[in-house]
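K.L.:
Next up is a structure, given as structure tokens.
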Amino acid sequence: MTEPTLIEKHESATPSVAPVELKAPIVEVTVLEDRAHVVRRAAVELRAGLTRLRVAGVAPVLADKTLCAAIAPHGGKAGDGGRERVSDVRVRRSRLVLGDDKPERARELQRERDRLSQRLGELQAARELAQHHETALAGVGEVVVQDIGVDVCYGGEAPKQWAEALALVAAREHKVREERLALDFEIVEVEAELARLNHRIGATAQVSDAVAAEVVVEVWVATAGAYAVQVDYVVPGACWRPYHRAQLVELVKGADPVLHFSSEGCVWQNTGEDWSDVQLIFSTERPSLGTEPPQLASDLLFVQRKSEAVVVEAREQEVQTTGLGSAPKQRSQDLPGIDDGGEALSLRASARASVPSDGRPYRVPLMSGTLKTTSEHVLMAELAEAVILKTTHVNDRLHHPILAGPVDLIKNGGFVGRTSVLFIAPGENFAIGWGPDGAVRVQRSVTQAREERGMLSGWASQIHKIEVKLSNLGPQARTVQVSERVPVSEIEKVKIEVDATATSDRARPDNNGLVRWKVELPGYGRASLNLGYIVRKHGDVVGI
């Protein structure tokens, strides 16, 4: 492959000293939400005086105002400004002549796209010709039918010739229609193949295919020797998101399993430079997050007569909690520490990684650990008529918070689904759902009686009954935590009472209206639960 030809350069000043090639690889990258901080380091032998260093192959999209450089004696601390210093640092960009200088694979893709584009044009022209032919044959058929009508008017009788003429026209129309449909199908296939090829070309395209960039650093040292030079800058076109993996492992048959939980950083970058064997640091800082003052608008107040009727409505209200709480801690005489849940985090990858500049996702391990597990089967039949396996854990082995993100679920050696978690601080409890238990069947039915209003009372009542049936199709016994919901009234003219006689185990709801049962379901056994409640409303209430 020939070297690209430079056709344009951007430089603030013409160098008076021949630059020295400095091979400064990328050693560390701090990836933020929408950008990355790149650090390059290298050791170089310098002579006394002014030296111009050239670092080639940097990202052309780097932000110029973030470019900086530093120099220090090799193996030592930051030097004295009077003995070594950076006089100037700048970036030079060059536009390249493309075409034959592209990689062989890119040229092959381009040739394939040209071939498909030419083929698509030929097919579209052939389809247009077939459409014209089909339209012309439709006109011929109409003319034949008109001629037959004229012959009949003049007393002509040639049914055999008429049938042959109509059959000939119909056969030609059928053949042309088949050709046109075949062309339509082929055009759709070629267009889809061309779209996939364009996507591949776009995914494999490099920013450096069009622009090359290099950093020029001018350094001055008082004495010759070995020095360490660092160049760092910020680039857009890079981001990361947390990704987790949870694997449930049963170490002892019949006992609670353990959870192998691992967190990864999923990285995308298309900056024009590859990150090869670098130390990645994932940061939750958001330097681009800005604030805007709220828009102030006039609030018009007016008076209206209070309605005699009380209009109410039933709404779904999610129970707000702050999580499952933290694990019990041992009491000590030390003062509690400051809560740093809102502090920006920097998570260092557990191993060096390589992320090419192709815009594709790459997962980098962050942390992993084995957590203790408490498992139970839960049923909320109003939401899903299935018994769900739920496990509860404590984040006490990872030594870092678990960031909000998707979680891949692995159980019995295979992938069983995907869920998500919110922010989980160290020492906090959290739960994971593993999907329905296939051995338990659930059926839920709801019945509402007619509304009854007393003759001498202004109150009306309506009875609601809920029945939940469970069937265990497997030989293993299960303990199921069943929850049902009763509406909660916020006004005095609507009262909701649970009918203890129609409710299993005479269960009572909590403050949020949730009624819970613990059902022991034997192997191949069945169970049935009932819940009854009465909704009483005053005659002034409308809407429910």
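K.L.:
List the residue pairs whose Cβ atoms are under 9 Å apart, where the first residue sits in region 484-511 and is in a strand (DSSP E or B), the second is acidic (D, E), and the two are 6 or more positions apart or on different chains.
P.N.:
E484/E382; R485/E382
K.L.:
So, T51, is that one among the polar types (S, T, N, Q), at negative phi and modelled with pLDDT of 90 or more or not?
P.N.:
yes
K.L.:
Inspect region 454-475 for any residue being within 15 Å of E382 (Cα to Cα), in a strand (DSSP E or B), among the aromatic types (F, W, Y) and in contact (Cβ under 8 Å) with a residue 12 or more places away in the chain and give the result as yes or no.
P.N.:
No: zero hits.
K.L.:
Would you confirm whether any residue within region 401-408 is surrounded by 12 or more Cβ atoms within 10 Å (Cβ to Cβ), modelled with pLDDT of 90 or more and either more than 30 Å from H199 (Cβ to Cβ) or not acidic (D, E) (or both)?
P.N.:
Within region 401-408, one or more residues are surrounded by 12 or more Cβ atoms within 10 Å (Cβ to Cβ), modelled with pLDDT of 90 or more and either more than 30 Å from H199 (Cβ to Cβ) or not acidic (D, E) (or both).
K.L.:
Can you tell me which residues in region 144-163 are surrounded by 11 or more Cβ atoms within 10 Å (Cβ to Cβ) and either touching a residue at least 60 places away in the same chain (Cβ under 8 Å) or not small (G, A, S) (or both)?
P.N.:
V144, V145, D147, I148, D151, V152, Q161, W162
K.L.:
Please work out which residue is surrounded by the most Cβ atoms within 10 Å (Cβ to Cβ), limiting yourself to region 475-485 and to residues that are under 37 Å from the mean Cα position of the chain (by Cα) and either polar (S, T, N, Q) or more than 14 Å from E520 (Cβ to Cβ) (or both).
P.N.:
For region 475-485, the residue satisfying everything is E484.
K.L.:
Still on this model: Condition test on P356, is it out of contact with any strand residue (DSSP E or B) (no Cβ under 7 Å at 6 or more places or on another chain) and of a type outside the set (S, T, Y)?
P.N.:
Yes, satisfied.
K.L.:
Moving on to the next point. Which one is farthest from H37 (Cα to Cα), of the residues in region 277-295 that are at pLDDT 85 or above and of a type in the set (A, V, I, L, M)?
P.N.:
Per the stated criteria, the residue is V278.
K.L.:
Please indicate, with yes or no, whether at least one residue in region 217-226 is in the same structural domain as R115 (by TED's automatic domain parsing) and among the acidic types (D, E).
P.N.:
No.
K.L.:
Could you tell me which numbered condition I201 fails, if it satisfies all but one of (1) under 21 Å from Q269 (Cα atoms); (2) out of contact with any helix residue (DSSP H, G or I) (no Cβ under 9 Å at 6 or more places or on another chain); (3) assigned to a helix (DSSP H, G or I)?
P.N.:
(2)
K.L.:
Now a separate question. Pick from region 221-266 the residues that are over 20 Å from the mean Cα position of the chain (by Cα) and of a type in the set (D, E): which of them is nearest to V86 (Cα to Cα)?
P.N.:
Ranking the candidates gives D232 first.
K.L.:
Tell me, please, whether a residue that is surrounded by 10 or more Cβ atoms within 10 Å (Cβ to Cβ), more than 26 Å from the chain's Cα centre (by Cα) and at pLDDT 70 or above can be found in region 317-339.
P.N.:
Checked region 317-339: at least one residue is surrounded by 10 or more Cβ atoms within 10 Å (Cβ to Cβ), more than 26 Å from the chain's Cα centre (by Cα) and at pLDDT 70 or above.
K.L.:
I'd like to check something: does region 485-506 contain any residue that is aliphatic (A, V, I, L, M) and in contact with a helix residue (DSSP H, G or I) (Cβ under 6 Å, 6 or more places away or on another chain)?
P.N.:
Yes, region 485-506 contains at least one residue that is aliphatic (A, V, I, L, M) and in contact with a helix residue (DSSP H, G or I) (Cβ under 6 Å, 6 or more places away or on another chain).
Each row is one residue, and each column tells you yes or no for (1) hydrophobic (A, V, I, L, M, F, W, C); (2) loosely packed, with under 12 Cβ neighbours inside 10 Å.
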{"site": "R450", "(1), (2)": "no, yes"}
{"site": "H464", "(1), (2)": "no, no"}
{"site": "V488", "(1), (2)": "yes, no"}
{"site": "V494", "(1), (2)": "yes, no"}
{"site": "R508", "(1), (2)": "no, yes"}
{"site": "L521", "(1), (2)": "yes, no"}
{"site": "A527", "(1), (2)": "yes, no"}
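K.L.:
Let me ask something else. If only one of R111, R85 is more than 30 Å from A226 (Cα to Cα) and either at pLDDT below 90 or of a type in the set (K, R) (or both), which one is it?
P.N.:
Just a single option satisfies the conditions, and that option is R111.
K.L.:
Sticking with this structure for a sec: Given the residues S445, S471, S461, S457, which is the only one that is in contact with a strand residue (DSSP E or B) (Cβ under 7 Å, 6 or more places away or on another chain), hydroxyl-bearing (S, T, Y) and at pLDDT below 90?
P.N.:
Testing whether each residue is in contact with a strand residue (DSSP E or B) (Cβ under 7 Å, 6 or more places away or on another chain), hydroxyl-bearing (S, T, Y) and at pLDDT below 90 leaves just S461.
K.L.:
Mind listing whichever residues of region 221-276 are in a strand (DSSP E or B) and small (G, A, S)?
P.N.:
G225, A226, A228, A238, A246, S262, S263, G265, S276
The values are calculated or read from the model by the stated rules, or taken from the named source; none is laboratory data. The model shown is predicted, which means the values in this text are computed figures rather than measured ones. Note that we place each Cβ from the backbone using ideal geometry, even for glycine, and neighbour counts take in every protein chain shown.
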